[in-house]
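Notes for the one structure printed next.
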Amino acid sequence: MAAFQNGACKDLEEKLSERRTWLEKEEERALQRRKGLQELEEELRHREEVLQHREACVQERKQLQIKRLRSSQALSQDLQRVSARLGALDQELEERGGVKRRLSSPPAGLCGVSMEELLKERESLRQRRDTLDTQLRDGRVLTPEEEHTLLQLEEALEALDAAVEFKNRSIQERQRELGDTSNPAHGDEDHDIMRALRELPLPEASTLLVKYFNKVVCLRESEQRLQLRCEELELQSGEQEAVTREMEAALQRLTLDTDRRLTEQHREHQHSLQLLLQQGRGPCLCVYASMW
């Protein structure tokens, strides 16, 4: 009888030892889940930092693009003024050449400026026109430092977009893993935990229940905070994307408006040039007539 009792106690002790070991494993799983939640929160924080950095780069790039657009507009206006002045100079030089051919010694200072000065001015304007034309054709309207900064921003945005995409995949994977651990399919395991607790002595079972209850409360609170943070970040990301789209649309409208204004200015300059040439012919013809 004593041997039977000793054997029964030994079996009970082995079962209790197995249950404790199993419960310790379940505790480790809970700790791993909590660690996973903390890692997910860290991933979300890193993604927010990347998005903020990307937004700063977008803003800086926008400023440089607007400056380049305005500089291009200013250079185009300068080019039109130079071209108009060149047209007037060519017309005046052509008319003076006709006078020189008809006169053996044309009077000095005709129209107030010597031929040599006009030729020098024309050469200077041609060089200026060629420089402006090259700058506009090659798109070199910013300083070398600004062009380099713009290139770096483009490269940085590509890298940041790739980083955001990687972070999104990583976050989705972690959310999926954490979702799997809270899946109702684990109900059987929860039932096994309760059965194991019932088989433990009451004091030890009570201690474990309190311990697990506190862990569950902490995990639930962490999960709720993380869920709120996810929703907040998703909202911020959507707002940033909307702002980015609005900025790109505004930049496109500004580009179209600038092109339209440049076209109108070109037509006005052409018209002014024609009027200038017509007005220039009148005084010169009067001079020629008085000379003859």
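Residues checked against (1) exposed (fewer than 15 other Cβ atoms within 10 Å of the Cβ); (2) at pLDDT below 85; (3) over 30 Å from Leu40 (Cβ atoms):
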| residue | (1), (2), (3) |
| --- | --- |
| Ser124 | yes, no, yes |
| Leu136 | no, yes, yes |
| Thr143 | yes, yes, yes |
| Gln152 | yes, no, yes |
| Asp161 | yes, no, no |
| Asn183 | yes, yes, no |
| His186 | yes, yes, no |
- Options Leu178, Leu254, Leu228, Leu202; residue that is surrounded by fewer than 14 Cβ atoms within 10 Å (Cβ to Cβ), hydrophobic (A, V, I, L, M, F, W, C) and modelled with pLDDT of 70 or more: Leu228
- Message: Consider segment 23-47. How many of its residues are over 30 Å from Asp161 (Cβ atoms) and not aliphatic (A, V, I, L, M)?
- Response: 9
- Query: Which number in (1) modelled with pLDDT under 75; (2) within 30 Å of Gln77 (Cβ to Cβ); (3) within 24 Å of the chain's Cα centre (by Cα) marks the one condition that Leu262 misses?
  - Reply: (3)
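Residue-by-condition table, conditions (1) in a helix (DSSP H, G or I); (2) at pLDDT 80 or above:
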{"site": "Ala56", "(1), (2)": "yes, yes"}
{"site": "Gln63", "(1), (2)": "yes, yes"}
{"site": "Arg68", "(1), (2)": "yes, yes"}
{"site": "Ser72", "(1), (2)": "yes, yes"}
{"site": "Val82", "(1), (2)": "yes, yes"}
{"site": "Arg85", "(1), (2)": "yes, yes"}
{"site": "Arg96", "(1), (2)": "yes, no"}
{"site": "Ser105", "(1), (2)": "no, no"}
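The values are calculated or read from the model by the stated rules, or taken from the named source; none is laboratory data. Because the structure is predicted, anything quoted here is derived from the model rather than measured. Ideal geometry is used to build each Cβ from the backbone, glycine not excepted, and the neighbour counts take in all protein chains shown.
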